[in-house]
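For reference, the structure is listed below as structure tokens.
The values are calculated or read from the model by the stated rules, or taken from the named source; none is laboratory data. Values in this document were obtained by computation on a predicted structure and should not be read as measured data. Here the Cβ positions follow ideal geometry from the backbone for every residue, glycine too, while neighbour counts run over all protein chains shown. Ligands, DNA and RNA are stripped out before the accessible areas are found, and what is left, the full protein with its side chains, is counted by its heavy atoms. Shrake-Rupley method; radii C 1.70, N 1.55, O 1.52, S 1.80 Å.
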Amino acid sequence: MEPRILIMGPQGAGKGTQSRRIADEYGVEHVTTGGALRANKQKDISHLGLEYDTPGAYMEAGELVPDAVVDAIVEAALDEADGFVLDGYPRNADQAAALDGMTDLDVVLVLDISRETSVERLTGRRVDPETGENYHVEFDVPDDEVVRERLVQREDDTREAVETRLDVFEDETAPVIDRYRDHEGYVEVDGEQSPDGVWADIRTAIDERAKGS
Ligand code: AMP
């Protein structure tokens with residue numbers, strides 16, 4: 001059986017980048033709620049009778065999309081996957097309880113970065129709309145001028161939305177991370193390192209913990 005990996009950490013910690021590498025290296029599915037929701041921004045969820053009528057409205061405000069919507073996305077994705085890296089979920093205690101009922105986990109990776117680093121990475125982040133690749137206005141400028149010219153900022157990477165997202169992380173998601181501290185697959189990685197440094201630590205952690213699974 002392929003490893004079942006959960007990756008957690010604040011926005012900008014590198015979860016997306018590292019998850020893509022994990023999926024390639026270990027042949028597991030990259031299950032990302034942020035990605036799934038971005039692909040379903042305009043979905044009509046008015047039947048739930050909540051604050052907004054689409055996932056996109058929550059996302060632009062930097063708020064969490066309602067659990068009922070996100071739980072269903074994750075459950076369907078995990079059902080189909082033989083081994084996965086789950087990125088962006090669970091983000092609150094109820095989602096963590098829902099995940100408990102869906103699957104066991106072999107590895108729980110936590111990427112640690114400071115709030116200051118999160119803000120710096122997210123507000124400077126730019127995305128290539130053609131490839132989905134992430135860049136940064138200072139730290140990772142594309143060599144190709146055509147790519148440089150077409151970069152856009154994610155709607156939730158504005159200063160205001162970033163501060164809201166980090167507040168939500170500290171209030172709701174950080175306590176969920178604490179809940180996994182006693183899990184036998186739990187490991188913290190220093191996310192302030194270069195992407196290659198983080199990747200080296202992650203490979204070691206997965207190879208140690210997923211052995212024989
Ligand atoms: P991300 O790309 O993971 O930062 O997610 C972008 C946005 O999607 C978040 O700010 C939320 O609005 C929404 N989102 C992603 N994952 C979840 C989740 N597990 N629960 C609720 N909302 C989520």
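Could you check how many residues of region 1-41 are farther than 11 Å from Gly88 by Cα and open to solvent by 30 Å² or more (accessible area, probe 1.4 Å)?
Matching residues across region 1-41 total 15.
Working only within region 98-133, note down all residues that are more than 22 Å from Asp67 (Cα to Cα) and part of a loop (DSSP other than H, G, I, E, B).
Asp106, Ile113, Ser114, Gly124, Asp128, Pro129, Glu130, Thr131, Gly132, Glu133
Testing Asp82 on (1) of a type outside the set (Lys, Arg); (2) crowded, with 18+ Cβ neighbours inside 10 Å; (3) in a loop (DSSP other than H, G, I, E, B), one condition comes back false. Which one is that?
With respect to (1) of a type outside the set (Lys, Arg); (2) crowded, with 18+ Cβ neighbours inside 10 Å; (3) in a loop (DSSP other than H, G, I, E, B), Asp82 is out only on (2).
Within region 115-157, can you find the residues that are free of Cβ contacts under 8 Å to residues at least 40 places away in the same chain and among the polar types (S, T, N, Q)?
Residues satisfying the conditions are Thr123, Thr131, Gln153.
Only one of (1) within 17 Å of Ile5 (Cβ to Cβ); (2) surrounded by 15 or more Cβ atoms within 10 Å (Cβ to Cβ); (3) modelled with pLDDT under 95; (4) of a type outside the set (S, T, N, Q) fails for Ala161. Which number is that?
Here Ala161 clears every test but (1).
Which condition number does Val65 fail, the rest of (1) more than 13 Å from the ligand (Cβ to nearest atom); (2) under 20 Å from Asp167 (Cα atoms) being met?
(1)
Condition check: open to solvent by 10 Å² or more (accessible area, probe 1.4 Å) and either more than 20 Å from Arg154 (Cα to Cα) or at pLDDT below 95 (or both). Does Leu48 satisfy that?
The answer is yes for Leu48.
Restricting to region 21-58, name every residue that is near the ligand (Cβ under 10 Å from one of its atoms), charged (D, E, K, R) and in contact with a helix residue (DSSP H, G or I) (Cβ under 7 Å, 6 or more places away or on another chain).
Lys41, the sole residue that qualifies.
Is region 195-212 home to any residue that is among the aliphatic types (A, V, I, L, M), within 18 Å of the chain's Cα centre (by Cα) and within 16 Å of the ligand (Cβ to nearest atom)?
To start, the set of residues in region 195-212 that are among the aliphatic types (A, V, I, L, M) comprises 198, 200, 202, 205-206, 210.
Pick out the ones that are also within 18 Å of the chain's Cα centre (by Cα) and you get 198, 202, 206.
Next, from what is left, pick out any that are within 16 Å of the ligand (Cβ to nearest atom): none.
No, region 195-212 contains no residue that is among the aliphatic types (A, V, I, L, M), within 18 Å of the chain's Cα centre (by Cα) and within 16 Å of the ligand (Cβ to nearest atom).
Looking at region 112-122, is at least one residue open to solvent by less than 30 Å² (accessible area, probe 1.4 Å), under 15 Å from the mean Cα position of the chain (by Cα) and more than 10 Å from the ligand (Cβ to nearest atom)? Spell out how you get there, then give the answer.
As a first pass, look at region 112-122 and keep what is open to solvent by less than 30 Å² (accessible area, probe 1.4 Å): 113, 117-119, 122.
Checking which are under 15 Å from the mean Cα position of the chain (by Cα) leaves us with 113, 118, 122.
With more than 10 Å from the ligand (Cβ to nearest atom) added as a condition, the list becomes 113, 118.
Yes, the conditions are met somewhere in region 112-122.
Limited to region 134-150, what total is found for residues that are open to solvent by 70 Å² or more (accessible area, probe 1.4 Å), of a type outside the set (A, V, I, L, M), more than 25 Å from Thr173 (Cβ to Cβ) and in a loop (DSSP other than H, G, I, E, B)?
Within region 134-150, residues that are open to solvent by 70 Å² or more (accessible area, probe 1.4 Å), of a type outside the set (A, V, I, L, M), more than 25 Å from Thr173 (Cβ to Cβ) and in a loop (DSSP other than H, G, I, E, B) number 3.
Which residues, counting only those in region 168-193, are open to solvent by less than 70 Å² (accessible area, probe 1.4 Å) and part of a loop (DSSP other than H, G, I, E, B)?
Going residue by residue through region 168-193, those that are open to solvent by less than 70 Å² (accessible area, probe 1.4 Å) are 168-169, 173-177, 180, 183, 185-187, 189, 191, 193.
Within region 168-193, Tyr180, His183, Gly185, Gly191, Gln193 meet the criteria.
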